[in-house]
Amino acid sequence: MLLVAAGWLAFSQNTVEAPEVGIEDSLLQEPAEPVEPVGEETAIGPENTVEQFLSNFIASAPPESDELAYGAAVSLLSQGARTSAMTDEEGKIVLPLLVGVQDLPDMGYEVLAVEYQEDLLNDEEEVLAQVTVELRYSGGDVERVFMLSKVNGDWLIDDITQG
């Protein structure tokens, strides 16, 4: 009997008991839902491209002049827009001239409308888009219309005009 008691005592000291799990803890231990891969349906839309462009445009302006933000804004332009844009002495695209503004919108901006168009030449749907944005200034708002095209699955800005 003494051997059985000693064996039980040795066994119980070497085992680790699992902690009690409450309802809240068990919810935390549930496996997470699988993340769906990003595909065409969840790709960044033209309005997101315009918002990224404007955010980077604002961040690239003086006095901070963030060069990474400038590069990110330029990367959202199509080759045609880059070629036709006005440049400074250093060959850098002058973003305020491209957007058609002298000052940054001090009250922010808002996407007003997104319209898709078919590319009749290539018989494709939703490869051209028009995004109307309101740039808000304390002295009054102005509209800009961004023309975009889908290039290799990415929306790029082709042109920016007054609304």
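The numbers here are math on the coordinates, done by the rules we state, and not lab data. Remember, it's a predicted structure, so these values are computed and weren't measured experimentally. Every residue, glycine among them, receives a Cβ derived from its backbone with ideal geometry; neighbour counts consider all protein chains shown.
Quick notes on this one:
- Exposure proxy ranking for LEU98, LEU112, based on other Cβ atoms within 10 angstrom of each Cβ and starting from the fewest, stands as LEU112, LEU98.
- Estimated FRET transfer efficiency (VAL111, THR83; beta-carbon r; R0 30 Å; 0.05): 0.70
- Residues VAL74, VAL151, VAL50 arranged by fewest to most Cβ contacts within 10 Å: VAL151, VAL74, VAL50
- Rh (Kirkwood; distinct C-alpha pairs) - segment 45-162, Å: 14.6
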